[in-house]
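Structure first, commentary second.
The values are calculated or read from the model by the stated rules, or taken from the named source; none is laboratory data. Here the structure is a predicted model, which means the values were calculated and not measured. Positions of Cβ are backbone-derived with ideal geometry, glycine not excepted, and every protein chain shown enters the neighbour counts.
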Amino acid sequence: MIIKNCNLNLEQIATSGQAFRWYKHQEGYVVVAGHKAVKMKQLDDGIEIEDEDNFWLDYLDMDRDYQSIIDIYKVKDDFLLKATDFGSGIRILKQDPFEITMTFIISANNNITRITSAIKLLSERYGDYIKTIDGIDYYDFPKPEQLINVSVEDYRACGVGYRDKYLYQLVKDILNQVVDLYALNTLSDSELKKALLRLKGVGEKVCNCIILFAYERYDGFPIDTWIKKVLIEVYQVKDNQEKFAEDYFKPYGGIAQQYLFYYGRTIKLT
C-alpha cells in the first residue's frame, strides 16, 4: 500500500512520544499495532506499507486534513510557525485504550529507552506471536486476560519499576469489571478525565496522553518537561499552564502540543 500525503513523516511520528513500538528498520520502521507487524518505508511524497489492510489508514488518521490544522496554528505566533513547519509530518495515531493506558502508566517519570524495553518485554513474555521480519520476532501487546496470573513481581521483572503495582491493579480492575476502558469513550471529555484520574498511576499528564492517543480527544494537552520549557521560555507562562494551554491552543490543543514537543525537544530549549 502506498499512501501519498506530504503531512506524513515516519521519523517525526516515531519520535513524537506517542508510540513505543515503532522500531527503526532500513529506510523506515517496523510498526507493531492492531495485532499486526509491518514494514513502513518513507517516500518523498508519502509512505509505503507492506500490507494492504485499511486498518493502517485509520491508525494513521488519514481521514484528517492536517494541513488545515497547521494553517490554523502557523499564524498564531512565530514559534508555532516554526514548529508546524518543522514537524509537519506528525499525525496523531489511533491506538488501543488498554495498551495506551498501560504504556503511559509505565511512562510516568521514565525515559524512552526504559519504556520501550519494558513494553517489549511485556509483549514477548505475555503477548501473542505475530510474525518474524528479517530474523526478528514481533509480539502483540498482551490482552488483560493474558495477564491474569502476572504478579507485581513479574511486572517488576519486565523493568517497569515502581509502576508494577499500578499495572497489576489496572489489570485486576479490568478483569473484575470494575473498569471498562472501551466503554469510557462514550463519556464527555470532563467525565472521561475524571474516570481515568481515578486509576492508580494516572496523573494529569498521563491522563492527557491517554485521552489524546487512545480516545481522540484533541483538547488533551500533556505537559511534560519539554512542554513546560516551551511554555515558560517561549510563552512566559509559569503558573496555570493547563488553563493557558486550554485557551491558547484550542481547538486542536493535543495536535499543537505534538508540534511544540517535537520542535522544542529537537532544538533543545535551555
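Observations on the structure shown:
- Residue check, residue 234 outside the structural domain of residue 19 (by TED's automatic domain parsing), in contact (Cβ under 8 Å) with a residue 24 or more places away in the chain and within 20 Å of residue 19 (Cβ to Cβ): no
- Criterion violated by residue 237 - all others in (1) touching a helix residue (DSSP H, G or I) at 6+ places or on another chain (Cβ under 7 Å); (2) crowded, with 19+ Cβ neighbours inside 10 Å; (3) at pLDDT 95 or above satisfied: (2)
- Test: residue 62 is part of a strand (DSSP E or B) and under 20 Å from the mean Cα position of the chain (by Cα): no
- Some residue of the range 197-219 being closer than 25 Å to residue 58 by Cα, free of Cβ contacts under 8 Å to residues at least 60 places away in the same chain, aromatic (Phe, Trp, Tyr) and crowded, with 16+ Cβ neighbours inside 10 Å: no
- Top-ranked residue in the range 21-50 [being at positive phi and in a loop (DSSP other than H, G, I, E, B); ranked as farthest from the chain's Cα centre (by Cα)]: 26
- Hits in the range 220-231 (condition: exposed (fewer than 14 other Cβ atoms within 10 Å of the Cβ) and modelled with pLDDT of 95 or more): none
- Restricting 63, 58, 85 to those that are surrounded by fewer than 16 Cβ atoms within 10 Å (Cβ to Cβ), of a type outside the set (A, V, I, L, M, F, W, C) and within 19 Å of residue 257 (Cβ to Cβ) reduces the list to 85.
- Residues of the range 102-117 that are crowded, with 21+ Cβ neighbours inside 10 Å and more than 21 Å from residue 56 (Cα to Cα): 102, 104, 105, 106, 107.
- The one condition from (1) aliphatic (A, V, I, L, M); (2) part of a loop (DSSP other than H, G, I, E, B); (3) crowded, with 16+ Cβ neighbours inside 10 Å that residue 178 does not meet is (3).
Quick grid of which residues meet (1) among the aromatic types (Phe, Trp, Tyr); (2) assigned to a loop (DSSP other than H, G, I, E, B); (3) in the same structural domain as residue 126 (by TED's automatic domain parsing):
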residue: 168; (1), (2), (3): yes, no, yes
residue: 173; (1), (2), (3): no, no, yes
residue: 199; (1), (2), (3): no, yes, yes
residue: 207; (1), (2), (3): no, no, yes
residue: 226; (1), (2), (3): yes, no, no
residue: 239; (1), (2), (3): no, yes, no
residue: 250; (1), (2), (3): no, yes, no
residue: 255; (1), (2), (3): no, no, no
